[in-house]
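The values are calculated or read from the model by the stated rules, or taken from the named source; none is laboratory data. Worth saying up front: this structure is predicted, and the values here are computed from it rather than measured. Cβ coordinates were reconstructed from backbone atoms using ideal geometry, including for glycine residues, and neighbour counts include every protein chain displayed. Note: accessible area is taken over every heavy atom of the protein model, side chains too, but ligands, DNA and RNA are not part of it. Shrake-Rupley method; radii C 1.70, N 1.55, O 1.52, S 1.80 Å.
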Amino acid sequence: MKLLAYSVREDERKFFEVYGKKYGIEVVMKKEAPSLANADHMEGCNCVSVITTPVNRDLICQWKKAGIRHISTRTVGFDHIDCEAAKEMGITVSNVSYSPYSVADYTVMLILMAVRKMGIIMKRYMVQDFGLKDVQGREIRNLTIGVVGTGKIGETVISHLKGFGCKIYAYDLYEKDHVKDMAEYVSLETLLQQSDIITLHAPSTRESYHMINRDSIAQMKDGVILVNTARGSLIDTEALIEGLESGKVGAAALDVLEDEQRIYYKDYKSTNIHHRQMAVLANTPGVIMTPHTAFFTDQAVSDMVEYSIRSCKNGLEGIEDPFQIKI
Ligand code: COI
């Protein structure tokens, strides 16, 4: 068994070495992302591990010809892979799940930062403006927080928030009994209308595309705070910008953004990012932007690599795998 791991960062290398040995898989690590240009350098591998770069039909077709039988993405989201094409070609696909505390801790941090206007406070401190003007915050215990999506991450966010004593509304198509002990499931409409803070933890699907749009923002409380550590596609960015401009949306904390993929994890210090919405948001007071780093902890990276390798092994051996994507 031989695995070709793409887009491997330095911090992942040691885990590929350790878990490759543990599961008896030879691992070829490449820094580059997968592309048609490198699809004919498969070095005798029969499975691949990718992150968020697009894996489309043409690429899968090339991989099929080269003998690839399993594709694993070491991410929770798998919207970047054409799973239907893979299925047609008899290639199995899996994702991973990793410590939900990585994203959940970060989400709570963003909620606190947004509520306490930390983006503004920190920028001002840098220029020695120590005034209190416009930086009064609110106390979480007095607020209602709406959590959209109660998968592992959403559920962990709820359990963290419980300690703050706030009211928590939850929305998901599939309600979990143990979440009901910590939050009240309500309709999406009620959650949108009654929450002071809305945090998104839904997957990116056709149904969830732009679930936060002009109409849904219009239903929200004035001054609502929006937090997104899930996927950029959940929010219609133009509608969010309009909401911020009009004051309807009071603040936003965004670890993800539409069309972030070509920019995040690269250094654009001296280059135009050619992403107007990103530039506008980054310069809007009250908006906190981070470059899709909520997942990035030692534990999460270890889990991502281990579960990706394990799924490849299971996929190649035809062993039932909890992470195999069934479409
Ligand atoms: C995911 O696991 O879906 C993520 O968003 C993390 C990824 C960017 C490495």
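Side notes on the structure shown:
- Residue satisfying all of: in region 264-294; within 13 Å of the ligand (Cβ to nearest atom) and open to solvent by 50 Å² or more (accessible area, probe 1.4 Å); modelled with the highest pLDDT among these: Pro291
- Going through (1) more than 16 Å from the ligand (Cβ to nearest atom); (2) within 25 Å of Ile263 (Cα to Cα); (3) among the polar types (S, T, N, Q); (4) surrounded by 17 or more Cβ atoms within 10 Å (Cβ to Cβ) one by one, Asn46 falls short only on (2).
- Selection of region 165-189 for residues being more than 28 Å from Ile81 (Cβ to Cβ), open to solvent by 80 Å² or more (accessible area, probe 1.4 Å) and not charged (D, E, K, R) yields only His178.
- Inspection of region 224-236 finds a residue satisfying the criterion of being in contact with a strand residue (DSSP E or B) (Cβ under 8 Å, 6 or more places away or on another chain), farther than 19 Å from Ala114 by Cα, away from the ligand (no atom under 16 Å from the Cβ) and modelled with pLDDT of 95 or more.
- Residue list for region 94-119, restricted to those being more than 14 Å from the ligand (Cβ to nearest atom), among the aliphatic types (A, V, I, L, M) and touching a residue at least 12 places away in the same chain (Cβ under 8 Å): Val108, Leu110, Ile111, Leu112, Met113, Ala114, Val115, Met118
- Some residue of region 149-165 being in a loop (DSSP other than H, G, I, E, B), polar (S, T, N, Q) and free of Cβ contacts under 8 Å to residues at least 24 places away in the same chain: no
- For the condition in the same structural domain as Asn283 (by TED's automatic domain parsing) and open to solvent by 30 Å² or more (accessible area, probe 1.4 Å), Leu110 does not qualify.
- Leu192 being buried (at least 18 other Cβ atoms within 10 Å of the Cβ) and closer than 16 Å to Ala104 by Cα: no
- Here Tyr307 fulfils each of the conditions (1) more than 23 Å from Ile71 (Cβ to Cβ); (2) open to solvent by 40 Å² or more (accessible area, probe 1.4 Å); (3) within 16 Å of the ligand (Cβ to nearest atom) apart from (1).
So that you can scan it fast, the table gives a plain yes or no per residue for (1) closer than 16 Å to Lys313 by Cα; (2) open to solvent by 50 Å² or more (accessible area, probe 1.4 Å); (3) without any contact (Cβ under 8 Å) to a residue 24 or more places away in the chain:
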residue	(1), (2), (3)
Leu4	yes, no, no
Glu10	no, yes, yes
Glu17	yes, yes, yes
Glu26	yes, yes, no
Met42	no, no, no
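- The set of residues in region 73-93 being within 14 Å of the ligand (Cβ to nearest atom) and open to solvent by 40 Å² or more (accessible area, probe 1.4 Å) consists of Val76, Phe78, Asp79.
- Qualifying residue in region 243-259 (condition: within 20 Å of Asn95 (Cα to Cα), open to solvent by 10 Å² or more (accessible area, probe 1.4 Å) and among the acidic types (Asp, Glu)): no
Rundown of residues vs (1) more than 23 Å from Ile111 (Cα to Cα); (2) in the same structural domain as Lys21 (by TED's automatic domain parsing); (3) touching a helix residue (DSSP H, G or I) at 6+ places or on another chain (Cβ under 9 Å), yes/no style:
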residue	(1), (2), (3)
Leu240	no, no, yes
Ala251	no, no, yes
Ile263	yes, no, yes
Tyr268	yes, no, no
His274	yes, no, no
Ile327	yes, no, yes
